[in-house]
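The next block holds one structure in the form of structure tokens; read it before the comments.
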Amino acid sequence: MNPRRKKRLLVIIAVLFGIGGSIGLVLYALQENINLFYTPSELIDGKGPNKEKPFIGQKLRIGGMVVPGTVERNEQSLQVSFKLIDTGPLVTVRYQGILPDLFREGQGIVAQGVLIEPNVIEAFEVLAKHDEEYMPAEVAEAVKGIKHEKPKYNLDSGN
């Protein structure tokens, strides 16, 4: 092989490896910042046609309604625990901090956190909707096709 061609080939290979390495590092860095949105039903039953469930330790966002009577506050700390529901199973959210002013039972919220058990999320951020008209884009998309039906969980009796 001609030395000139050999040098060009080595430069092209080096550039391709550099670009490939850069893309790999960017994807690895972005992997930490990807938060998938789930409803309580999707978290428990699985999401999509393959019914894929998140793994323990995965960062995610979850949206639903705060079940009346489930908000528990620790008297000694800012630890709060409450349950979320959409049309199916309940999911427990634990949060350490001051909740938004608009947070209340029966209110729609979005929590961002880490899945610590199959139905328990340790949240590091809780967002409450700001008026009756507003709905986060992910929640609106998730409930768009849902037929409105009474939840399996009886909100009045606490069961």
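The values are calculated or read from the model by the stated rules, or taken from the named source; none is laboratory data. Note that the structure is predicted; figures quoted are calculated from it, not measured. For neighbour counting, all protein chains shown are included, and Cβ atoms are generated from backbone atoms with ideal geometry for every residue, glycine included. Just so you know, the surface numbers come from the protein's heavy atoms only, side chains and all, with ligands and any DNA or RNA stripped out. Shrake-Rupley method; radii C 1.70, N 1.55, O 1.52, S 1.80 Å.
Residues checked against (1) open to solvent by 80 Å² or more (accessible area, probe 1.4 Å); (2) assigned to a helix (DSSP H, G or I); (3) modelled with pLDDT of 90 or more:
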site: Met1; (1), (2), (3): yes, no, no
site: Ala14; (1), (2), (3): no, yes, yes
site: Phe17; (1), (2), (3): yes, yes, yes
site: Gly20; (1), (2), (3): no, yes, yes
site: Ile23; (1), (2), (3): yes, yes, yes
site: Val26; (1), (2), (3): yes, yes, no
site: Ala29; (1), (2), (3): no, yes, no
site: Asn33; (1), (2), (3): yes, no, no
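Cβ-Cβ distances below 7 Å connect the following pairs, each with a first residue in region 88-105 that is within 28 Å of Lys53 (Cα to Cα), a second residue that is surrounded by fewer than 13 Cβ atoms within 10 Å (Cβ to Cβ), and a separation of six or more residues or different chains: Gly88/Asp45; Gly88/Lys152; Gln96/Leu78; Gly97/Leu78. Determine which single condition Glu42 fails, assuming it passes every other condition in (1) open to solvent by 70 Å² or more (accessible area, probe 1.4 Å); (2) touching a helix residue (DSSP H, G or I) at 6+ places or on another chain (Cβ under 8 Å); (3) not hydroxyl-bearing (Ser, Thr, Tyr). Failed condition: (1). Inside region 60-93, residues that are in a strand (DSSP E or B) and either surrounded by fewer than 17 Cβ atoms within 10 Å (Cβ to Cβ) or of a type in the set (Asp, Glu) (or both) make up a count of 4. Pro54 passes every criterion in (1) surrounded by 10 or more Cβ atoms within 10 Å (Cβ to Cβ); (2) free of Cβ contacts under 8 Å to residues at least 40 places away in the same chain apart from (2). Residues in region 94-116 that are assigned to a loop (DSSP other than H, G, I, E, B) and aromatic (Phe, Trp, Tyr): Phe103 alone.
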